[in-house]
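Note sheet for the following structure.
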Amino acid sequence: MKIAIANDHGGLDIKNAIIKDFAAQGIEFVNFGTDTADSVDYPIYAKQVTAAIQSGDCDLGILCCGTGIGMSMVANKQKGIRAAVVTNEFCAEMTRRHNNANVLCLGGRVIDEAMAVKLANIFITTPFDGGRHQRRVDMIED
Ligand code: RB5
């Protein structure tokens, strides 16, 4: 399992908390930046993560901005990407189980670093339920 992760200036702190946790656990990830607090345009970073998933280089993605919303809007316009803005544990679990989401979007101005780490871990460890949910996910692609 390889995770693609990126952020803008609004998501820098939570991204850093997540990659620190992943590194400590030995979880493989690719960090597309940004790695400074300078203001940047989130669509550039969202597209790098979604391209890594589309190419098959990475299995899941995590995008962090101020709210998670801008990143999700960009990600959901990319073919084969199902991105979800998540602020609590229940939604982190359910968007994997029912939506087979492949990109988690988090807001650094919405949740703290501990919650970001918790949600990222739930997201990457929860499998898709399949079954009736597969039909619905297929309908998204249609
Ligand atoms: C940047 O100020 C902010 O607009 C961005 O991080 C994000 O929240 C957009 O949805």
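The values are calculated or read from the model by the stated rules, or taken from the named source; none is laboratory data. Treat the numbers as computed from the prediction; the structure is a model and nothing was measured. We place every Cβ from the backbone using ideal geometry, glycine too, and count neighbours over all the protein chains shown. Accessible surface areas use protein heavy atoms only, side chains included; no ligands, DNA or RNA. Shrake-Rupley method; radii C 1.70, N 1.55, O 1.52, S 1.80 Å.
I'd like the full set of residues that are in a loop (DSSP other than H, G, I, E, B) and either away from the ligand (no atom under 16 Å from the Cβ) or crowded, with 20+ Cβ neighbours inside 10 Å (or both), limited to region 1-45. The answer is M1, D8, G26, I27, F32, T34.
Checking each residue of region 42-54 against the condition of being under 22 Å from H9 (Cα atoms) and among the basic types (K, R) gives at least one match.
The number of residues in region 46-61 being open to solvent by less than 50 Å² (accessible area, probe 1.4 Å) and not in a helix (DSSP H, G or I) comes to 3.
Given the condition under 15 Å from G11 (Cβ atoms), out of contact with any Lys or Arg (no Cβ under 9 Å at 6 or more places or on another chain) and either more than 16 Å from the ligand (Cβ to nearest atom) or not basic (K, R) (or both), answer yes or no: does some residue in region 125-139 qualify? No: region 125-139 contains no residue that is under 15 Å from G11 (Cβ atoms), out of contact with any Lys or Arg (no Cβ under 9 Å at 6 or more places or on another chain) and either more than 16 Å from the ligand (Cβ to nearest atom) or not basic (K, R) (or both).
Among residues of region 89-142 being part of a helix (DSSP H, G or I) and of a type in the set (S, T, Y), the one that is least open to solvent (accessible area, probe 1.4 Å) is T95. Scoring T67 on the criteria (1) within 9 Å of the ligand (Cβ to nearest atom); (2) part of a helix (DSSP H, G or I) leaves a single failure, condition (2).
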